[in-house]
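Colleague: Provided herewith is a single structure, encoded as structure tokens, for subsequent inquiry.
The values are calculated or read from the model by the stated rules, or taken from the named source; none is laboratory data. None of the values given here were measured: they were computed from a predicted structure. Neighbour counts run over all protein chains shown; Cβ positions are idealised from the backbone, glycine included.
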């Protein structure tokens with residue numbers, strides 16, 4: 001599972017409480033602290049992680065809930081460790097999340113930090129393993145979207161065409177030394193160096209420590225310094241940059257489908273809110289999400305405008 005950088009929990013909790021106390025005093029176009037008072041079905045508090053992709057997801061959740069008649073306040077924070085307990089307590093009603101990420105988080109919360117990973121490459125199996133843990137935590141997982149933000153591995157398109165590569169198994173069959181551009185924590189991870197070695201037989205001779213899906217990692221491959229880089233399935237710029245993702249045909253990546261996580265009492269009391277979010281999940285694809293992220297990262301468009309354009313095109317608002 002992709003590891004996102006974490007803030008200090010104590011500091012971030014203070015920041016969250018301060019943000020909540022400010023309420024209507026501030027607002028921003030990325031939805032990190034914003035209100036809309038036009039709903040008549042009651043107030044909804046929405047949280048999640050504060051980075052581009054989740055800013056877009058939060059705005060889409062906000063706008064479909066407003067369409068359904070709710071007043072929505074958004075407070076995005078640093079990590080799941082902050083808003084996870086708030087979902088349980090009911091201080092947060094809804095959060096956009098990742099299927100495998102939430103499954104492994106709740107598993108470790110319930111069974112300890114050393115608990116074996118329960119997520120798999122199958123969204124169905126991962127959701128089935130997650131549901132009892134979520135139920136015990138007072139959280140209801142709504143419908144997962146087809147859209148998934150997974151780790152992926154890319155080579156140059158020229159290299160893929162030269163060697164007729166479409167899958168990671170194809171790359172392993174070349175039996176050539178591979179230099180990998182990836183974060184330092186890649187070494188030993190089942191969804192990174194360890195999985196590439198054990199599942200695909202890649203001969204990884206060196207890992208160049210570069211940030212996940214960064215320009216530096218991609219440039220390393222394009223320059224020939226490395227042959228393979230860890231990227232994201234939602235990186236919509238890869239094709240234009242002359243890079244090709246090799247299919248994870250043996251499924252070492254967990255199912256990181258985008259999924260709404262909700263406080264169970266809230267869902268019981270507001271089934272139409274759940275229906276509105278499930279309607280979004282029904283249409284959202286990885287390609288859709290990649291195109292939206294490209295707009296925020298390359299075109300510098302604002303998350304609320306990106307969300308509005310997409311939802312309008314799908315007839316959801």
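Colleague: Would you check if residue 160 is under 27 Å from residue 292 (Cα atoms), assigned to a strand (DSSP E or B) and either at pLDDT 95 or above or not assigned by TED's automatic domain parsing to the domain that holds residue 291 (or both)?
Modeller: Against the criterion (under 27 Å from residue 292 (Cα atoms), assigned to a strand (DSSP E or B) and either at pLDDT 95 or above or not assigned by TED's automatic domain parsing to the domain that holds residue 291 (or both)), residue 160 does not qualify.
So that you can scan it fast, the table gives a plain yes or no per residue for (1) buried (at least 22 other Cβ atoms within 10 Å of the Cβ); (2) out of contact with any strand residue (DSSP E or B) (no Cβ under 6 Å at 6 or more places or on another chain); (3) not assigned by TED's automatic domain parsing to the domain that holds residue 173:
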position	(1), (2), (3)
208	no, no, no
235	no, yes, no
261	yes, no, yes
277	yes, no, yes
284	yes, yes, yes
287	no, yes, yes
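Colleague: Sticking with this one: Of the residues in the range 216-237, how many are out of contact with any helix residue (DSSP H, G or I) (no Cβ under 6 Å at 6 or more places or on another chain) and closer than 18 Å to residue 183 by Cβ?
Modeller: Of the residues in that region, 13 qualify.
Colleague: Assess whether residue 150 counts as being out of contact with any strand residue (DSSP E or B) (no Cβ under 6 Å at 6 or more places or on another chain), crowded, with 16+ Cβ neighbours inside 10 Å and at pLDDT below 95.
Modeller: Criteria met by residue 150.
Colleague: Find the helices (runs of 4 or more DSSP H) located wholly in the range 1-98 whose residues include 3 or more that are modelled with pLDDT under 90 and either touching a strand residue (DSSP E or B) at 6+ places or on another chain (Cβ under 7 Å) or more than 22 Å from residue 284 (Cα to Cα) (or both), and list them.
Modeller: Correct list: 9-22.
Colleague: Here's a follow-up. Among (1) touching a residue at least 60 places away in the same chain (Cβ under 8 Å); (2) under 13 Å from residue 226 (Cα atoms), where does residue 185 come up short?
Modeller: Here residue 185 clears every test but (2).
Colleague: Also: When residue 204 is evaluated against the numbered criteria (1) in contact (Cβ under 8 Å) with a residue 60 or more places away in the chain; (2) farther than 30 Å from residue 275 by Cα, which criterion, by number, is the only one it fails?
Modeller: The one condition residue 204 does not meet is (1).
Colleague: Which condition number in (1) over 24 Å from residue 122 (Cβ atoms); (2) crowded, with 22+ Cβ neighbours inside 10 Å is the one that residue 156 fails?
Modeller: (2)
Colleague: Please state which one of 184, 132 is surrounded by fewer than 20 Cβ atoms within 10 Å (Cβ to Cβ) and closer than 17 Å to residue 221 by Cα.
Modeller: Of the residues listed, the single one that is surrounded by fewer than 20 Cβ atoms within 10 Å (Cβ to Cβ) and closer than 17 Å to residue 221 by Cα is 184.
Colleague: Let me ask another. How about the range 163-181: which of its residues are surrounded by 18 or more Cβ atoms within 10 Å (Cβ to Cβ) and either part of a loop (DSSP other than H, G, I, E, B) or out of contact with any strand residue (DSSP E or B) (no Cβ under 8 Å at 6 or more places or on another chain) (or both)?
Modeller: Across the range 163-181, the qualifying residues are 165, 172.
Colleague: Restricting attention to the range 201-217, report how many residues are closer than 17 Å to residue 247 by Cα and either in a strand (DSSP E or B) or under 25 Å from the mean Cα position of the chain (by Cα) (or both).
Modeller: 1
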